[in-house]
Amino acid sequence: MKKDDCIFCKIANGSIPSKTLYEDEQFRVILDMGPAAKGHALILPKEHFANLYELPEEWCGKAFCLAKKMAEQMTQKLDCDGFNLVQNNGETAGQTVFHFHIHMIPRYQEDGQKIGWKPLSPTPEELEAVRAQICG
Ligand code: AMP
Ligand code: ZN
């Protein structure tokens, strides 16, 4: 299904032009218009899924294989030093466009970017409590 008012549905299906790096029947890979680094790309499914929770399993597998293929090609062509994959789900987690996408961010020494978090310092008991909460 496509969603009429979704910009990534329109981009993925070609009704809004984009800088396309790759396309097949299910996915389009485009350059992000606000890149964190040179070559920052987005993997977009052509069907509308708001986030990872909605993405069917068979699409998950294909999306990750495509990420690997693109990472290899982009690393070779851009000569980057590493790669971050980022995938935000929900406003609290930083999602701003509510159509599933994977950020592919090539990293270069001295690129000045910081993609990370401030580590907490849980006690062993706190770690066990959260493990039990998730698995219980
Ligand atoms: P997120 O915050 O994970 O939802 O990421 C949304 C990303 O989409 C941001 O990095 C934006 O720069 C990018 N973006 C939004 N609109 C467009 C567009 N029309 N073309 C390319 N990238 C876009
Ligand atoms: Zn959409």
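The values are calculated or read from the model by the stated rules, or taken from the named source; none is laboratory data. Model, not experiment: these values are computed from the prediction. Positions of Cβ are generated from backbone atoms using ideal geometry, with glycine treated the same way; all protein chains shown enter the neighbour counts. These area figures cover heavy atoms from the full protein model, side chains too; ligands, DNA and RNA do not enter into them. Shrake-Rupley method; radii C 1.70, N 1.55, O 1.52, S 1.80 Å.
For segment 94-113, the candidate set comprises residues that are without any contact (Cβ under 8 Å) to a residue 24 or more places away in the chain and closer than 24 Å to Asn51 by Cα; within that set, the residue that is most open to solvent (accessible area, probe 1.4 Å) is Thr96. Looking at this structure, is Cys80 open to solvent by less than 20 Å² (accessible area, probe 1.4 Å), more than 16 Å from ligand 2 (Cβ to nearest atom), farther than 22 Å from Cys6 by Cα and over 12 Å from the mean Cα position of the chain (by Cα)? The answer is yes for Cys80. Checked against (1) more than 13 Å from ligand 1 (Cβ to nearest atom); (2) part of a loop (DSSP other than H, G, I, E, B), Ala63 passes all but condition (2).
Lys10 meets the stated requirement of being farther than 28 Å from Trp117 by Cβ, basic (Lys, Arg) and either open to solvent by 30 Å² or more (accessible area, probe 1.4 Å) or within 16 Å of ligand 2 (Cβ to nearest atom) (or both). Close Cβ contacts (under 9 Å, 6 or more residues apart or on different chains) running from residues in segment 19-34 that are aromatic (Phe, Trp, Tyr) and open to solvent by less than 40 Å² (accessible area, probe 1.4 Å) to residues that are part of a strand (DSSP E or B) and within 15 Å of ligand 1 (Cβ to nearest atom) comprise Phe27/Ile43; Phe27/Leu44; Phe27/Pro45.
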